[in-house]
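Please read the structure below before turning to the comments.
The values are calculated or read from the model by the stated rules, or taken from the named source; none is laboratory data. If you're wondering where the values come from, they're calculated on a predicted model, not measured in any experiment. Methodologically, a virtual Cβ is constructed for each residue, glycine included, from the backbone with ideal geometry; neighbour enumeration extends over all protein chains shown.
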Amino acid sequence: MDANKDVLDHGPFFHGTKAELKIGDLLESQHLSNYQDKKSNYIYFTATLNAAKWGAELATSNSKERIFIVEPLGEFENDPNLTDKKFPGNPTRSYRSKSPLKIVAELSSWQRHSDEEINHMLATLKMLREQGKAVIYD
């Protein structure tokens, strides 16, 4: 019997950020969110490079954009902010956990979205905030 049969996804998993972290560090919940002015109850991650790139590119900071390969150290669930509303069925393979994620590697190079794509996403997010629709269920 497969002990991992109930795992949502086997990865590999990524976390995009502008935080200055190193291999072996733990990403944990209850730190300031990259996207809201509050502490986050979860740590968010993905199994797609594209979603991780958005995480790094849209994080609020002037630090370097980074994508880390992470290992979940506990149970995790589908991220309802994406899977329940924007992308039913979770094609972005986006997850969240209250348990830490361990950084196991950093991608040394990856191609950013174009400036046009990033500016369009930022404008869309700004419009959603102005309409009161940029709610993150945390």
**Prompt:** What about residue 103, is it modelled with pLDDT of 90 or more and in a helix (DSSP H, G or I)?
**Reply:** no
**Where a residue in the range 50-62 is under 15 Å from residue 110 (Cβ atoms) and crowded, with 17+ Cβ neighbours inside 10 Å and its partner, wherever it lies, is at pLDDT below 90 and of a type in the set (Gly, Ala, Ser), with Cβ under 8 Å and at least six apart** = 51/94; 59/19
**Asked** What is the number of the single condition among (1) surrounded by fewer than 12 Cβ atoms within 10 Å (Cβ to Cβ); (2) modelled with pLDDT of 95 or more that residue 13 does not meet?
**Response** (1)
**Residues of the range 94-125 satisfying the condition of being of a type in the set (Lys, Arg) and touching a Phe, Trp or Tyr at 6+ places or on another chain (Cβ under 9 Å)** = 96, 98
